[in-house]
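K.L.:
Structure in structure tokens, see below.
The values are calculated or read from the model by the stated rules, or taken from the named source; none is laboratory data. Note that this is a predicted model, so its numbers are computed, not measured. We place every Cβ from the backbone using ideal geometry, glycine too, and count neighbours over all the protein chains shown. Quick note on the areas: whole protein, heavy atoms, side chains included, nothing else; ligands and nucleic acids left out. Shrake-Rupley method; radii C 1.70, N 1.55, O 1.52, S 1.80 Å.
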Amino acid sequence: MKNTVVTFQQMKDKGEKITMLTAYDYSTAKLVDQAGINSILVGDSLGNVVLGYPDTVSVTMEDMIHHGAAVARGAENALVVIDMPFMSYQTGVYDAVVNAGRLMKEARGQAVKLEGGEEVCPQIKAITTASIPVVAHLGLTPQSINVFGGYKSQGRDLRSAKKLIRDALLVQEAGAFAVVLECVPEVLATLISKKLTIPTIGIGAGAGCDGQVLVYADMLAMFSDFRPKFVKAFANVGEAMRAGFKAYDEEVKAGTYPAEEHNYTMKDDVYDELKAYADTL
Ligand code: KIV
């Protein structure tokens with residue numbers, strides 16, 4: 001059954017955990033969807049995982065539309081949430097609504113996600129007023145990497161923890177239907193999850209959140225540039241891929257691939273005629 005924003009709220013209300021994974025292409029989206037995951041996030045982690053950037057700052061609207069559309073074509077039941085890239089909403093309410101609209105119309109996402117608290121509440125309000133569901137993102141917000149000075153956990157002192165709770169309440173009030181909490185202490189994420197009526201989706205925020213999200217390439221051990229503490233390898237797909245590529249290389253070089261069963265055939269009489277013709281050339 002198709003997951004919607006209503007499903008998210010019903011799951012929180014019933015105390016059922018929500019699952020979300022990233023995907024950036026059609027085939028992966030299909031696999032995630034077939035596994036019964038509730039939601040697919042076309043994260044701007046696309047910049048790190050697919051495009052090889054050191055961070056998400058360079059990701060463009062065109063990147064998100066291109067990959068978001070591929071994911072949307074592969075997702076039958078999962079709710080597709082597409083990240084708004086850096087500078088597609090920070091510049092103001094007008095840009096935010098126009099760009100959120102492009103992610104819905106051109107990529108056919110079902111919701112957008114943007115990073116920040118109080119400072120982006122006018123954007124959240126305007127986007128939701130335009131009938132576009134919004135997921136907020138608090139804690140370690142990777143688009144602010146240059147302000148944080150690195151990928152550091154957030155909300156560990158009283159002042160920043162208080163601000164995080166306030167921000168969570170404000171984005172809820174502004175109309176967000178869910179909020180991602182990234183790299184914050186478990187106790188803080190649990191407190192926020194109890195305080196909010198909308199679901200929290202944690203990443204490096206402990207089991208007290210209403211749901212969890214991971215970057216699929218991290219949880220399948222396919223991405224090795226950096227490995228945050230909260231990542232668990234649920235399968236070693238990276239190693240399986242390396243082994244598969246190596247076996248292909250060896251078999252092609254040894255002449256054992258392609259084998260008889262991989263070949264297309266031609267009737268003998270056709271071949272004989274063809275051979276005679278080739279000999280005349
Ligand atoms: O871009 C992304 O993949 C994300 C998740 C880490 C939540 O925002």
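K.L.:
Of all residues being within 16 Å of GLN9 (Cβ to Cβ) and open to solvent by 10 Å² or more (accessible area, probe 1.4 Å) in region 175-189, which is nearest to the ligand (Cβ to nearest atom)? Just the residue, please.
P.N.:
Looking at residues that are within 16 Å of GLN9 (Cβ to Cβ) and open to solvent by 10 Å² or more (accessible area, probe 1.4 Å), I get PHE177.
K.L.:
Also, quick follow-up: Would you be able to tell me the number of residues in region 107-121 that are open to solvent by less than 10 Å² (accessible area, probe 1.4 Å), of a type outside the set (Gly, Ala, Ser) and without any contact (Cβ under 8 Å) to a residue 60 or more places away in the chain?
P.N.:
Matching residues across region 107-121 total 3.
K.L.:
Can I ask one more? Which pairs have Cβ atoms under 8 Å, sit 6 or more apart or on different chains, and link a residue in region 15-34 that is closer than 19 Å to VAL5 by Cα to one that is at pLDDT below 95 and crowded, with 16+ Cβ neighbours inside 10 Å?
P.N.:
Filtered contacts from region 15-34: no entries.
K.L.:
OK, next. Scan region 248-269 and tell me whether some residue there is of a type in the set (A, V, I, L, M, F, W, C) and within 25 Å of ASP55 (Cα to Cα).
P.N.:
At the first step, the residues of region 248-269 found to be of a type in the set (A, V, I, L, M, F, W, C) are 252, 254, 259, 266.
After this cut, where a residue has to be within 25 Å of ASP55 (Cα to Cα) as well, the list is none.
No, region 248-269 contains no residue that is of a type in the set (A, V, I, L, M, F, W, C) and within 25 Å of ASP55 (Cα to Cα).
K.L.:
Would you mind stating whether MET84 is within 16 Å of the ligand (Cβ to nearest atom) and within 13 Å of the chain's Cα centre (by Cα)? Walk me through it before giving the result.
P.N.:
Working: within 16 Å of the ligand (Cβ to nearest atom): yes; within 13 Å of the chain's Cα centre (by Cα): yes.
The answer is yes for MET84.
K.L.:
Additional query: Any idea which of VAL112, VAL134 is in contact with a Ser or Thr (Cβ under 6 Å, 6 or more places away or on another chain) and within 23 Å of GLY211 (Cα to Cα)? Give the steps one after another, and end with the answer.
P.N.:
Values: VAL112 fails: in contact with a Ser or Thr (Cβ under 6 Å, 6 or more places away or on another chain).
Matching residue, one of VAL112, VAL134: VAL134.
K.L.:
Only residues that are open to solvent by less than 10 Å² (accessible area, probe 1.4 Å) and either under 24 Å from VAL32 (Cα atoms) or near the ligand (Cβ under 10 Å from one of its atoms) (or both): list them for region 190-209, please.
P.N.:
PRO199, THR200, ILE201, GLY202, ALA205, CYS209
K.L.:
Give just the number: which of (1) open to solvent by less than 10 Å² (accessible area, probe 1.4 Å); (2) within 16 Å of the ligand (Cβ to nearest atom) does ILE127 not satisfy?
P.N.:
Going through the list (1) open to solvent by less than 10 Å² (accessible area, probe 1.4 Å); (2) within 16 Å of the ligand (Cβ to nearest atom), ILE127 breaks only (2).
K.L.:
Can you find a residue in region 14-23 that is in a helix (DSSP H, G or I) and farther than 21 Å from LEU220 by Cα? Break it down into steps so the answer makes sense when it comes.
P.N.:
The first filter runs over region 14-23 and keeps only residues in a helix (DSSP H, G or I), leaving 14.
Add one more test, that the residue is farther than 21 Å from LEU220 by Cα, and what stays is 14.
So far as region 14-23 goes, yes, one or more of its residues are in a helix (DSSP H, G or I) and farther than 21 Å from LEU220 by Cα.
K.L.:
In region 45-70, what count of residues is obtained for those that are open to solvent by less than 30 Å² (accessible area, probe 1.4 Å), over 25 Å from LYS12 (Cβ atoms) and either in a loop (DSSP other than H, G, I, E, B) or within 11 Å of the ligand (Cβ to nearest atom) (or both)?
P.N.:
Here the count works out to 6.
K.L.:
If you take the residues in region 210-223 that are more than 12 Å from the ligand (Cβ to nearest atom) and of a type outside the set (Asp, Glu), which one is most open to solvent (accessible area, probe 1.4 Å)? Walk me through how you get there before you give the answer.
P.N.:
Kept after step one, since they are more than 12 Å from the ligand (Cβ to nearest atom), are these residues of region 210-223: 210, 220-222.
Restricting the remaining residues to those that are of a type outside the set (Asp, Glu) gives 220-222.
Numbers: LEU220: 42, ALA221: 33, MET222: 69 Å².
Checking each candidate, the answer is MET222.
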